[in-house]
Amino acid sequence: MERYICAIVLILAAMVIALRNLSKSYETAEGRLEVLRGIDLDLGAGDSVALTGESGSGKSTLLHLVAGLDRPDSGEIVVGGRDISKLDDRGRAAYRRTEVGLVFQQFNLVPSLDVAANLAFHAKLAGRHDPAWENELVERLGIGPLLTRYPEQLSSGQQQRVAIGRTLAARPGLVLADEPTGNLDETNGDAVLELMLSLSKGTGSTLLMATHSQRLADRLDRQLHLRSGKIT
Amino acid sequence: MTTWTLATALLSHWRRRPLQFGALLSGLALATALWSGVQAINAEARASYARAAIALDQNGLANLVSPNGGSLPQSAFVRLRRSGWNVSPVLEGDYRFGTTRLRVIGIEPLTMPAEAQTVDLGNAGDLLSFISPPGTLVVSPGTAEKIRGQTDLALRVSDRMLDGAAFVDIGLAQSLLRRDGELSRIVIAENQRPGLEPFGALVPALTVREPNAQTDIEQLTESFHLNLTAFGLLAFAVGLFIVYSTIGLAFEQRRPTFRTLRCLGVSLRVLAVLLLAELVLFALAAGAVGVAIGYLVASLLLPGVAATLEGLYGASVPGTLSLRPEWWLSGFAIAMAGTLVSSAQSLLRLMRVPLLAVAQPQVWGRSSQAGRRIQVLAAAALLALSGALLLWADGLQAGFGILGCLLLGASLLLPAVLSGFLTVMQRTSSGALVTWFCADTRQQLPGLSLALMALLLALAANVGVGTMVSSFRLTFVGWLDQRLAAELYVAARTEPEADRLRAWLATKVESVLPISSVDAEIRGQSMQIFGVVDDPTYRKHWPLIAGLPDVWDRVASGEGVLVNEQFWRRERLRIGDQLDLANDWKSTVVGVYSDYGNPKGQVIAGINALTSRYPQVSRLRYGLRVQPDQVADLRASLSGEFGLPPDNIVDQAALKEQSRRIFDRTFLVTGALNIFTLGVAALAMFLSLLTLSEMRLPQLAPVWAMGVTRRDLALLELLRPLVLWLTTFIAALPLGLALAWVLLAVVNVEAFGWRLPMHIFPYEWVRLGLVVLAAAVVSVFIPLRRLAGLAPSELLKVFASER
Amino acid sequence: MASLSGSQAASEGFAGLGSAAEGFSVPQPGLPFRFPADHGPHTDFRIEWWYLTANLEAPDGTQYGAQWTLFRSALAPREANGWSSPQLWMGHAAVTTSGDHFVAERISRGGVGQAGVVAEPFSAWIDDWQMKGLAAPGSDQLAELNVTAAAKDFSYELRLSATGPLVPHGDNGYSVKSAKGQASYYYSQPFYAVTGSLALPTGNVAVTGKAWLDREWSSQPLAEDQTGWDWFSLHLDTGEKLMGFRLRDAGEGFTSATWITAEGRPEPLPAGTLQIVPVRTAKVAGRRIPVAWNVRIPSRGFDVTTRPLNDQAWMATSTPYWEGPISFGGNVGGRGYLEMTGY
Ligand SMILES: Nc1ncnc2c1ncn2[C@@H]1O[C@H](COP(=O)(O)OP(=O)(O)OP(=O)(O)O)[C@@H](O)[C@H]1O
Ligand SMILES: [Mg+2]
């Protein structure tokens, strides 16, 4: 147990994120679309940071890059001392598995698994399956009655709660959330955000969340604004 | 909105999903193809049976014949006519035109009853040239080809004639066959005036032979055609699985479109009619393609079928196919019916589902718990019915009923079994990926289950029929060894030559076994009675399957006879039963022997018993026992000494080879259909996987996002169908064996009259397994390549786009 | 079977009777009949018939007609034994009542005994239909006949007894059929007294009456342009008989007749002497047929009008025609038979 906690502490300590001169563009029918033009950003362990910006400003793009879901055109993404943009497919998959937790606006859950299995899924993949912790999450998220249901049988808010639980169950060092409450009404959105914040604080995770809502952004430690491919 | 705009909106779905469109059309076309192919074969065969019936006196009319089977005098005909009976004379016999031997059937067209006059003899002028010397031969197109140039007689070609037979005027028949004033039989018309003197008083020497309700050949081959039809239906069902699932998917995927259209004020009725029209259009197109492919399939298979029917039943069917409306129409009809049946559920749902129900294509194919329970119950009921039929019913139809219930029940059960298996796996596994794999596979099951059921059917049919044929072959070859014990078989050309042959052979060989037979009618069946000498060859080798201990002594003494298995089973005879062999010849059944490949009953009596009843029996053919190394010498000296043509001296090896060839040809069609069915099942699987692969992204994207590489995902995707194929294959083995058992122990006994021991051929399973594996890999290959080549951005879109 | 000898009536005259006589013998004038041989078949001629018509009456006065005919038609001018015989035989039998007309037909090949004619002792038969001579050998073979026919819906047996001699037509039996000289051999026995019975669906009837037998053979009795004929055989109440016919062609037609005295002496009338004019037509088997006629021989002051017993006396056989009993009145009464072909 001792060593286990040490390992977590080590990971958390290492979870310092540095983006250096990060650029990303897409090929579109109208030509090259430069979405990110030299982003520089540092996040400390345990930070909670809101990413705001107009629609199409590149928030999701940035999150995907940090999650290792996509590669940048140039620049570095150094997480825990490694440049993950240099990793191969396998390396980035391992990084996602063990170090990142993702919450998207929708389609977060594995459709073929019931809520309980979804909840445990990422943790198991990451090798950090902890039933006691999962039970606690279930309780705090209030999804106890939903455990045997399948994702398609849940409302959007319920799905998002499960997605947050699924992410936190794996105790990732870095939680990336892309408008996690975008599909929810204000009350529900607030509740979900509250949960996510307190839980990620509890696990000591770094949280980077893209959002349109200034109200939500205000509740996080820091705010970053994306405009014209730069952080302002 | 005009109808055309509407139709375009609906049809655009197919343009965006060419794969689905292809699946629908090819499924329907293939189903139709196999069905109409089999129908075409059946129709062709039936037509030729009708021809045979015309030629072979099976037109449903009674005949006067001589009780001993010989000819009867023409004066009997004149006498009957002059007493007012509406009768017509017939003389039949074989005649050789050059190298072609024809069954010559002499008829008298002026008195031939209209119902028997099935071949059109043409107009009055043709009729006159038919009856006037030199005369006309009415033959089939095939026969006309063969004998053109071999005869000076005029030829008249009729499609309704049987190959190898010729209608001629009775007078011409009498002169060709050198049987002046003789008749084979006298046809009795149905239409008679009242008050006629009875036959007994007019022609006491003749007996009336009542017509068969059904023609002999039709009766004999019924089982074979039932077999073909069953295969056709099986293939059709397999094809329909494809259609059903594609239509279901297309309807689900278009639900947003339907919703939008209805919001725009299109009535449900208009929508349903449009969709129905669309389906009818597809059915027609696919039906046309299917019928064309069916024609191709049938013309590829027909020579094999013809060989089978010839070898097994002696029924002559031409090897070429004609476009008969009965099968191509049925092809279209079944394509239409299949489409409507397959779409009925979807259409009904369209009518019932509320206007704004959420469009959720990904739930396509997820059957409800209740639905699955009904399916399991139906399966159980079918299996129980199959068992009940096995226990309490008999007859060929019951045999096929057992097969049908067994196959259908087992295939209905398959999804539940697979699902249960996967659930157990999922419960017991702790790894996240394994759990996910099982859960995901289980979730895909409904979408794949139809294809898997089809696969199960095809595999089971393959295993079952393969086992049956191989068992049959093994038994048959062993039986041939016993049955063809003599080393050499010779046939003399004339009786004096036969006498000389016997005398000459007496010193040259170990024993001479005369092969004499007469045609007889026993218990209303026409069959042969063979006479055998008392010889160790028979005592040692003859394939008896039941008999008294001293059976050969009893046969030799003339006290008893042997009967073949099929006659024994058909008549439910027992050892010790009395049998009326001829007018004044009764004997006891003392043994039963197996006699594969012979559609008719057969009796073996002592040669003395036979010749004393039939002194005129032909004694031309002999089996010779010699040392194997002397066969060649003996053969040479036989042809040197007697000038016998090669055809008249056949050695055992050649005979066996010939029998084996006939046997193998016999099951060629079965094999081919087997492969076709398997092919359709593989296609069904492929198409289902392909369709499913279009909907895999939402399933895979979260897993990928959580850190599983695309390569691993691809591997799992590959594994999934392989696991399903394999499990299905394993499930198909016991089902196939059950099928084989029913075929051997129930259907064959009913159809052919013989029961065969079942042998198991694991090696064949391995081969089939490999074929299945190869097919599975091929069927997975394309969907997999799509997945492996997927860019991350595609996966990312799942999370971004409003779907 | 359509027809034995084709039915291209328009081009070859009625029933092919206008076709050329290749290889067949052709009737010649001046050859007297030789009996009994001429009662038998003349296989070197293309066609031949034994044609009996009877006007019968039941005890209650009900009128009937009966017909018994055997046709011979040769494919080649020879006879052979067995099925290779080129001789074809056709039998027609009919019974006519005022309300019904029963018809039957039999067709047979020659050579095997199913049908044929023997001159002495006379017998003509096809299947179970027979016209059998009962006279002693050496005497007139046609003087006493027993005639039977049977079909599904009717049968009859008639006993015929000749009360007069055989009568040759035309020039001693050489009967000219057209202006171009087509001819046949033709004689009759018009003097039969009949007793017998008819079996009809309504029951058996005993009948008596008069009958007329025609014997005719030829190879091409019609000219090519002749399409059919109207033929009368009349028993006059005076005991005299009249045979008359008209062969139709595109123009006036060709008529011929024989006046037969009560003693049986024939008086052939020159061509054109007989005049017949239809007075009433009826719709029969889909065609218009003149069923009542005015028959006149002005030189003899003979002028009668005939009436059929049954308008619908249609012989629906392979070569269909109208044949039925008639009665007539005018300056003399009587009964007879009318045959009309080619309509
Ligand atoms: N795969 C892609 N191919 C081409 N262009 C893309 C792709 N993904 C995103 N873009 C474009 O890149 C830009 C940034 O997109 P991104 O999704 O990052 O915006 P966003 O800030 O998340 O917007 P929103 O607030 O609407 O979610 C947009 O203009 C978008 O159209
Ligand atoms: Mg976004």
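The values are calculated or read from the model by the stated rules, or taken from the named source; none is laboratory data. What you see is a predicted model; the values in this text were computed from it and never measured. So basically every Cβ, Gly included, is an ideal-geometry build from the backbone, and we count neighbours across all protein chains shown. Side chains are part of the model used for accessible areas, which takes the heavy atoms of the whole protein and leaves out ligands, DNA and RNA. Shrake-Rupley method; radii C 1.70, N 1.55, O 1.52, S 1.80 Å.
With both residues required to sit in region A:2-231, DSSP beta bridges show an antiparallel share near 50%. P(r) tail, the protein assembly as shown: Cα-Cα pairs separated by more than 45 Å, 62% of all pairs. Highest GNM mean-square fluctuation among A:Thr206, A:Thr28, A:Thr98, for chain A modelled with Cα contacts below 10 Å: A:Thr28.
Mean separation of Cα pairs under 8 Å and 6 or more residues apart, divided by the residue count, gives region A:2-231 a relative contact order of 30 percent.
When the convex hull of its Cα atoms is viewed from all sides, chain C shows a mean projected area of 16.1 nm². With the biggest extent put first, the Cα atoms of region B:544-691 measure 76, 48, 28 Å across the principal axes. Surface composition of region B:60-211: carbon plus sulfur atoms contribute 47% of the solvent-accessible area (1.4 Å probe, protein chains only, all chains present). With all pairs of different C-alpha atoms in the average, the Kirkwood value for the hydrodynamic radius of region B:86-217 is 15.9 Å. Straightening the chain between B:Lys586 and B:Thr3 buys 201.7 nm, computed as 0.36 nm per residue apart minus the Cα-Cα spacing. One chain, two ends: B:Leu719 and B:Ala344. Fully extended at 0.36 nm per residue, the span grows by 131.6 nm beyond their Cα-Cα distance. With the largest listed first and rounded to whole Å, the semi-axes of the equivalent ellipsoid of region B:528-579 from the Cα gyration tensor are 18, 12, 11. Here the Gaussian network model covers chain A, with springs between Cα atoms less than 10 Å apart; of A:Leu168, A:Leu62, A:Leu87, A:Leu87 fluctuates the most. Taking packing as the residue-averaged number of other Cβ atoms within 10 angstrom, the listed peptides B:498-506, B:451-459, B:278-286 run from highest to lowest as B:451-459, B:278-286, B:498-506. Along its three principal directions, the equivalent ellipsoid of region B:457-546 from the Cα gyration tensor extends over semi-axes of 36, 19, 13 Å, largest first.
For the cross-link pairs C:Lys241/C:Lys283; A:Lys24/A:Lys201; C:Lys132/C:Lys210, the ones whose C-alpha atoms lie over 24 Å apart are C:Lys241/C:Lys283; A:Lys24/A:Lys201.
Measuring how big region B:404-496 is from its alpha-carbon positions, Rg and Dmax come out at 25.7, 91 Å. Any idea what % of Cα-Cα pairs in chain B are farther than 54 Å? It works out to 28 percent of all Cα pairs. Counting only heavy atoms of the protein chains and using a 1.4 Å probe, B:Arg483 has close to 40 Å² of accessible surface.
Return the whole-Å distance between the Cα centroid of region C:95-155 and the Cα centroid of region A:156-218. Result: 117 Å between the Cα centres. Given the Cα atoms of region A:2-231, and with Rh set as the inverse mean 1/r over their pairs in the Kirkwood sense, what is Rg to Rh to two decimals? Radius of gyration over Kirkwood radius for region A:2-231 works out to 0.96. For region B:488-625, the spherically averaged projection of the C-alpha convex hull amounts to 8.3 nm².
Cα convex hull, region A:136-214: 91 Å³ per residue, rounded to a whole number.
The accessible surface of chain C, taken with every protein chain in place and a 1.4 Å probe, is 52 percent carbon and sulfur.
Taking all protein chains into account, the per residue accessible area for the protein assembly as shown stands at 40 Å² (1.4 Å probe). A simple count of charges around C:Glu339, restricted to other residues whose Cβ falls under 10 Å of its Cβ and scoring Lys, Arg +1 and Asp, Glu -1, yields -3. Show which aspartates and glutamates lie in cross-link reach of A:Lys124 when reach means a straight Cα distance below 18 angstrom and same-chain residues fewer than eight apart are skipped. The qualifying aspartates and glutamates are A:Glu99, A:Asp114, A:Glu134, A:Glu136, B:Asp440, B:Asp712. Solvent-accessible area assigned to carbon and sulfur over region B:488-625 amounts to 48 percent, based on a 1.4 Å probe. When the Cα atoms of region B:703-803 are aligned to their principal axes, the ranges along those axes come out at 69, 29, 20 Å in descending order.
Between region B:374-437 and region C:266-343, the C-alpha centres lie 87 angstrom from each other. Relative to its residue count, region C:204-343 spans a Cα convex hull of 142 Å³ per residue. Figure legend: label point modelled 7 angstrom from the Cα of B:Ala384 along Cα→Cβ; residues of region B:398-440 with amide N under 20 Å from it are B:401-417. Straight-line cross-link reach from A:Lys230 at under 17 Å between alpha-carbon atoms covers these aspartates and glutamates, not counting any fewer than eight positions away in the same chain: A:Glu34, A:Asp40, A:Asp42, A:Glu54, A:Asp73, A:Glu76.
The B and A chains share an interface that buries close to 2600 Å² of accessible area, total over both sides, probe 1.4 Å. Semi-axes of the equivalent ellipsoid of region B:602-656 are 27, 14, 10 Å, computed as sqrt(5λ) over the eigenvalues of the C-alpha gyration tensor in descending order.
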